[in-house]
Every structure is written in C-alpha cells, then in structure tokens.
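What follows is one structure encoded as structure tokens, with my remarks underneath.
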Amino acid sequence: MKEEATPDSLMEQFKGRGLKPIVMFTLIVHVVVILGSSVPFFVKKAFARGNSKRTETERIENAVEDATAALRKIAKKHGLNPQDISDQFSGKSRPGKAPAADPAASADEPTGTEDAAAAPDTREKSAYETNLEAKAEGPKVPDFEDDKDDIF
C-alpha cells in the first residue's frame, strides 16, 4: 500500500547539499585556476638561464630587446615614433630641426640646451592668452555706512 505524503517527505526533494561539498568544489576550482595561470611563469623560471651563466653581451642584448619592446609599446600608446623616444633617451637632438646655414649666426641664437626661460617668446599670443592676462575689476562692495536705519 502507498504511504501517505507528509510535508517532510515532500520537502526532501528540495533540500540542498551541505556546506562541505560546496567548499570543496570552490577550493578545487581555485587551485586549478591559480596553478593553470601560473604554469607559464614556472616554465619560464625553470628553463631560463641565470644571469651568472650568461656573458655580459648576452645580458646587454636581452636588455636591449626588452627595452625595444617597451619603447614600441609606449610609442604606439601615445602615437609617437619609437625612434624619437629613443633619441630623447640618448640625448640626440630632435630630427625636425635643420642646422643653421651660417655658423656665425647660429652662435648668437639660443640652442635647445639652454634654459627655455632665457629665450624670448617670439610667437603671437592667442585670444585666450590675451584674455587671461587682461585685468578685470571685481564686484564692488556695498557701502554700509549710508544705511542709517539699523534694525537691531
């Protein structure tokens, strides 16, 4: 004969799992993700030659490769030419400037290495700069001495 359905027997189908299986699943997933994302790092460290075993020229070549890649990335980010950035680091002058035709006249002109404040500003000022330099009067302060009616 059939057993009668009680509320407890009907609710047994809806009971969830305990906390232990959920915690175990979470830990296992975290371990797999962390180890899986760390494999390239471990492989690189395991198969990389130490600095003490490499010659100075090999270390310089590796450093130049890393710097070149970084400069290209920075130049692409800012929309510049990588050669211009490396010239700035090496102290070379900018490629856009042409040398003066008369060497005697070039001695009187200011160079890029001198202080920028010492060189006179020969360009015209924009309307915005002119507006910034204009002195304008502020609001006038009301004269309280003329008020003879004191309400206090």
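The values are calculated or read from the model by the stated rules, or taken from the named source; none is laboratory data. The structure presented is a predicted model; accordingly, all values stated were derived computationally and were not measured. Virtual Cβ from ideal backbone geometry, glycine too; neighbours counted across all protein chains shown. Surface areas here come from the heavy atoms of the whole protein model, side chains and all, with no ligands, DNA or RNA. Shrake-Rupley method; radii C 1.70, N 1.55, O 1.52, S 1.80 Å.
Summary table below
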item: Enumeration of residues in segment 32-63 that are of a type in the set (V, I, T) and open to solvent by 80 Å² or more (accessible area, probe 1.4 Å); result: V32, V33, I34, T57, I60
item: Some residue of segment 15-30 being surrounded by 10 or more Cβ atoms within 10 Å (Cβ to Cβ) and among the small types (G, A, S); result: no
item: Where a residue in segment 57-74 is within 20 Å of D87 (Cβ to Cβ) and its partner, wherever it lies, is among the polar types (S, T, N, Q), with Cβ under 8 Å and at least six apart; result: L71/S86
item: Candidates A70, A75, A63, A46, filtered to the one that is more than 30 Å from the chain's Cα centre (by Cα), of a type in the set (A, V, I, L, M, F, W, C) and in a helix (DSSP H, G or I); result: A46
item: Verdict on L71 being over 30 Å from F89 (Cα atoms) and of a type in the set (A, V, I, L, M); result: no
